[in-house]
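A.B. asks: Okay, handing you the structure first.
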Amino acid sequence: MSTAAPFAFLVHPRSRIADDLARIWRPLGHVPEGLVDAAVRKLPLRPYAMSRVDLDHEPVGHVVLVPFGAKHLLGLPHEGRARVGQAIDHAARLGAGVVGLGALTATVTAGGATLRGRTDIGVTNGNAYTAAIVEDQLLTLLDDAPERRVAIVGATGSVGTTLVRLLARAGSVDSLLLVARGAPRLAALAAEVGGRVPTSTSTDLHDVRGCDAVVLLTASSDALLGAEHLAPGALVLDATQPRNTSPDLADARPDVTVVDGGVVSIPGMTLKGADIGLPRGQAYACFAETFLLGLAGHTGHFSIGVPTLDQVEHVRGLARRFAAHGFGAALPASFGRPLVGAR
Ligand SMILES: NC(=O)c1ccc[n+]([C@@H]2O[C@H](COP(=O)([O-])OP(=O)(O)OC[C@H]3O[C@@H](n4cnc5c(N)ncnc54)[C@H](OP(=O)(O)O)[C@@H]3O)[C@@H](O)[C@H]2O)c1
């Protein structure tokens, strides 16, 4: 690890701000949500290094909290970008060589494109490795499936586009249904990959009912995919943060399997301070990409906007290089609970 450079990873409170802030200071969990929401939105709160990341007891990085909620980032993108910028300043002051854009900090900066001009620190949205891990998880889950008609919801986003290109290149599914709200970008992506795999598009979530598996890669502060959208026995791989499925879905549709997507196992990793909502030794794939770049001593930006497939291969190579520390998909879980006998 001689070339390792410290890294930082940005997170923000998700759908229920009080619940996430209680990870830092438990009493905040008892403050009414409306009050915490208004305080976080209105007060000029500073970014906060909420935990130190250790690998085999050696410090390697920091998790930095952007004190702005998921709804705030999407609803007030100008202010959101400013808050993300302040958090990156803080990461640079902590000595990070590379910073990862967690969850909607990537969406609000156009996948990091608005940060290209920064020369003091490398930026990555972490989406090359996220797409790679989601592809690995999907193909494992579909291993013995008789049919592989796959819907990608959020197909035109940073992770979504990369995943669509990976699946089309491998020819590993029977068909693709690309779903998002914007039709022109869907049509362009379908035209690009349609020669490799039968591809259709839709702006209506109900159309995923014709698919065996649904990969959820949207950027929304609330649940989007409901029981009414899914075929009997469908598989849902949900890699969104905040989650765009609700645990109620699993209760309403016991025939459906909802799997947590984009979670990576790094057994020797510990967080000193607040946790990020995953069991010890697990990290989000975008976090893992930033971690790998830090371990490799990477300088400059990496995944910005839509990652290239070369970047996916590069980061997969880093995961192999540091495989002694884990860096593979975590065992399947559903809303954090281990899935026994997953497909
Ligand atoms: N688990 C992990 O490690 C990990 C890593 C990276 C990202 N993520 C999560 O993955 C998700 C995608 O990230 P990203 O950076 O790729 O986001 P992004 O670039 O902003 O893409 C979002 C995609 O979702 C679509 N979309 C947004 N709202 C929608 C809606 N209501 N209905 C249908 N489609 C909708 C967008 O297209 P339209 O605007 O045209 O609808 C776009 O295709 C986020 O939740 C992020 O937090 C997880």
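The values are calculated or read from the model by the stated rules, or taken from the named source; none is laboratory data. None of the values given here were measured: they were computed from a predicted structure. Cβ: placed from backbone, ideal geometry, glycine included. Neighbour counts: every protein chain shown. All accessible areas refer to the heavy atoms of the entire protein, side chains included, with ligands and DNA or RNA removed. Shrake-Rupley method; radii C 1.70, N 1.55, O 1.52, S 1.80 Å.
A.B. asks: Q241 fails exactly one of the following numbered conditions: (1) within 12 Å of the ligand (Cβ to nearest atom); (2) part of a loop (DSSP other than H, G, I, E, B); (3) open to solvent by less than 40 Å² (accessible area, probe 1.4 Å); (4) out of contact with any Leu (no Cβ under 7 Å at 6 or more places or on another chain). What is the number of that condition?
C.D. replies: (3)
A.B. asks: I've got another one for you. Which residues, taken from the range 174-221, are assigned to a loop (DSSP other than H, G, I, E, B), touching a residue at least 40 places away in the same chain (Cβ under 8 Å) and not hydroxyl-bearing (S, T, Y)?
C.D. replies: Listed by number, the residues that qualify are C211, D212, L217, A219.
A.B. asks: Run V306 past the list (1) assigned to a helix (DSSP H, G or I); (2) closer than 18 Å to V134 by Cβ; (3) of a type in the set (A, V, I, L, M) and report the number of the one that doesn't hold.
C.D. replies: (1)
A.B. asks: In addition: Out of the residues in the range 174-201 meeting the condition of being open to solvent by 80 Å² or more (accessible area, probe 1.4 Å) and within 12 Å of the ligand (Cβ to nearest atom), tell me which one is nearest to V215 (Cα to Cα).
C.D. replies: Here the answer is R181.
A.B. asks: Another question, then. Quick check, is A155 more than 8 Å from the ligand (Cβ to nearest atom), crowded, with 19+ Cβ neighbours inside 10 Å and within 16 Å of Q241 (Cα to Cα)?
C.D. replies: Considered against the rule, which asks whether it is more than 8 Å from the ligand (Cβ to nearest atom), crowded, with 19+ Cβ neighbours inside 10 Å and within 16 Å of Q241 (Cα to Cα), A155 comes out as no.
A.B. asks: Further question: When the range 222-238 is examined, which residues are found to be more than 10 Å from the ligand (Cβ to nearest atom) and part of a strand (DSSP E or B)? Please lay out each step first, then the result.
C.D. replies: So the first thing to find is which residues in the range 222-238 are more than 10 Å from the ligand (Cβ to nearest atom), and the list is 223, 226-237.
Listed by number, the residues that qualify are L235, V236, L237.
A.B. asks: Filter the range 258-305 for residues that are farther than 19 Å from L237 by Cα and acidic (D, E) and give the result.
C.D. replies: The answer is D275, E289.
A.B. asks: Take L104 and tell me if it is within 16 Å of the ligand (Cβ to nearest atom) and over 21 Å from V315 (Cα atoms). Walk me through it before giving the result.
C.D. replies: Values: within 16 Å of the ligand (Cβ to nearest atom): yes; over 21 Å from V315 (Cα atoms): yes.
Yes: the conditions hold for L104.
A.B. asks: Cβ-Cβ distance below 7 Å, separation of 6 or more or different chains: which pairs start in the range 32-43 with a residue that is closer than 21 Å to H78 by Cα and end on one that is modelled with pLDDT under 80?
C.D. replies: So the pair list comes out as V36/I17; V36/A18; V36/L21; V36/L28; D37/I17; V40/I17.
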